[in-house]
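Participant: Take this structure, written in C-alpha cells, and hold onto it; I'll ask about it next.
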Amino acid sequence: MRTLRRMMATLNWNAWSLTNKTTLLFTFTYTMYRLWSWNNTLTPEYLQNLFETN
C-alpha cells in the first residue's frame with residue numbers, strides 16, 4: 001500500500017480522470033495478487049532445486 005500511495009502522490013492522482021484511476025487500481029491490484037500467488041509457490045524445496053549448483 002505504501003508503494004501505491006507514493007505512486008499516487010508522484011503522479012498527481014487528483015488530476016486523473018475516474019477511468020485512469022480505476023485502470024491504475026485494477027492493474028495494481030491484479031499485479032499484487034499475481035505476485036502474492038507466485039510467492040506462495042516458492043517452497044524451500046523448489047528454490048533449492050532451482051538454484052542448485054552441481
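Participant: Take the residues of the stretch 42-54 that are modelled with pLDDT under 90 and assigned to a loop (DSSP other than H, G, I, E, B): which is nearest to Met1 (Cα to Cα)?
Facilitator: Glu52
Participant: From the list Leu24, Leu11, pick out the single residue that is in contact with a Phe, Trp or Tyr (Cβ under 8 Å, 6 or more places away or on another chain), at pLDDT below 90 and surrounded by 10 or more Cβ atoms within 10 Å (Cβ to Cβ).
Facilitator: Leu24
Participant: Taking the stretch 11-37 only, how many residues are more than 19 Å from Met1 (Cβ to Cβ) and assigned to a helix (DSSP H, G or I)?
Facilitator: The total comes to 4.
Participant: Let me ask another. Right, Thr29: open to solvent by 100 Å² or more (accessible area, probe 1.4 Å) and out of contact with any Ser or Thr (no Cβ under 8 Å at 6 or more places or on another chain) or not? Even if it seems obvious, please write down each step before you answer.
Facilitator: On the way: open to solvent by 100 Å² or more (accessible area, probe 1.4 Å): no; out of contact with any Ser or Thr (no Cβ under 8 Å at 6 or more places or on another chain): yes.
Considered against the rule, which asks whether it is open to solvent by 100 Å² or more (accessible area, probe 1.4 Å) and out of contact with any Ser or Thr (no Cβ under 8 Å at 6 or more places or on another chain), Thr29 comes out as no.
The values are calculated or read from the model by the stated rules, or taken from the named source; none is laboratory data. Since the structure is predicted, the reported quantities are computational estimates derived from the model, not experimental observations. A quick note on method: Cβ atoms are made from the backbone with ideal geometry, for glycine too, and the neighbour counts reach across all protein chains shown. The area values use the complete protein model at the heavy-atom level, side chains included, leaving out ligands, DNA and RNA. Shrake-Rupley method; radii C 1.70, N 1.55, O 1.52, S 1.80 Å.
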